[in-house]
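Chemist: Got a structure for you, written out below as C-alpha cells; questions coming shortly.
Read the figures in this text as sums done on the coordinates, not as results from a lab. Keep in mind that what you see is a predicted model, and the values were worked out from it rather than measured. Cβ atoms come from the backbone with ideal geometry, glycine included; neighbour counts cover every protein chain shown.
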Amino acid sequence: MRAALFLVPLFLLAGCGDPPNRLYGSVSQVFTLDFDKVQATRVGDEVSVEYLRTSGQTVLAKTVKVTVSIGDIQPVAGTDIDLTAQVNGLPRGTVQRVESTTTDFPLQVGKIHFDQEPVANADITGLFRTTLADPAGRTLNGDFQAKVEAL
C-alpha cells in the first residue's frame, strides 16, 4: 500500500513538463505572449514559425513571427542557425509581432534550431532563443511543434 502511495506522485510528476509550443522571456513585461496555435510555413528558401492568436478560424494577430533564410544551409536539421548572420547584406532571420501594425524586433543575438528538416508536410519541432536590441536587452524565446505548410 505504501509503495502505491509513493508511486502516484511520481506518475503525476512524469506527466508534467513544458508544453511543445510556448513563448517566454523578459519581453513579456512589455508585450503579451498569449497565442492559440503555432503554424510553420516554407516559401522557397525561407521558413516562418508563427505563434497565432485566433478566434475560430480567424487569425487575430501573430504574437511572434520568426522567419529564417535556409537556402545555403545543409543539413538544416540539427543545426543552430544564427539569425543575425548576414545573407546578401541582410540578416538571415527576422523576428516580428504582427497585430494592427507590424513591430520588428531587431536582434542583438539569436538562433533557431530545427530538429527535423523543414520540408512540406513534415512534422517539425525546434526552438529559438533571442536577445533583442529593441526593447534593449529583453529576451524572447520559444519552443515549437508544427506541420510545415508549403506555399
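Chemist: Sort 107, 60 so the one with the fewest other Cβ atoms within 10 Å of its own Cβ comes first. All intermediate terms of the calculation are to be shown ahead of the outcome.
Modeler: Values: 107 21, 60 13.
With the fewest neighbours first, 107, 60 line up as 60, 107.
Chemist: For the chain, modelled as a Gaussian network with Cα springs under 10 Å, which listed residue fluctuates most, 71, 56, 137?
Modeler: Maximum among the listed residues: 56.
Chemist: Give me the one-decimal nm value for the distance between modelled label points at residue 125 and residue 96, 7 Å along each residue's Cα-to-Cβ direction.
Modeler: 2.9 nm
Chemist: With P(r) over Cα pairs in 10 Å bins from 0, in percent as the read-out, I listed (i) 11, 38, 31, 12, 6, 2, 0; (ii) 10, 28, 27, 22, 10, 3; (iii) 9, 30, 31, 20, 8, 1; which label goes with the value calculated from this structure?
Modeler: Only one listed value fits the structure, namely (i).
Chemist: Set the Förster radius R0 to 22 Å, insert the Cβ-Cβ distance between residue 139 and residue 22 as r into 1/(1 + (r/R0)^6), and round the FRET efficiency to 0.05.
Modeler: 0.95
Chemist: So, one more: Which of these, 109, 66, 47, has the largest mean-square fluctuation under a Gaussian network model of the chain (Cα springs below 10 Å)?
Modeler: Of 109, 66, 47, the most mobile in the Gaussian network model is 109.
Chemist: Once the other residues with Cβ under 14 Å from the Cβ of residue 76 are scored (Lys, Arg +1; Asp, Glu -1), what is the net sum?
Modeler: For residues surrounding residue 76, the net value is -4.
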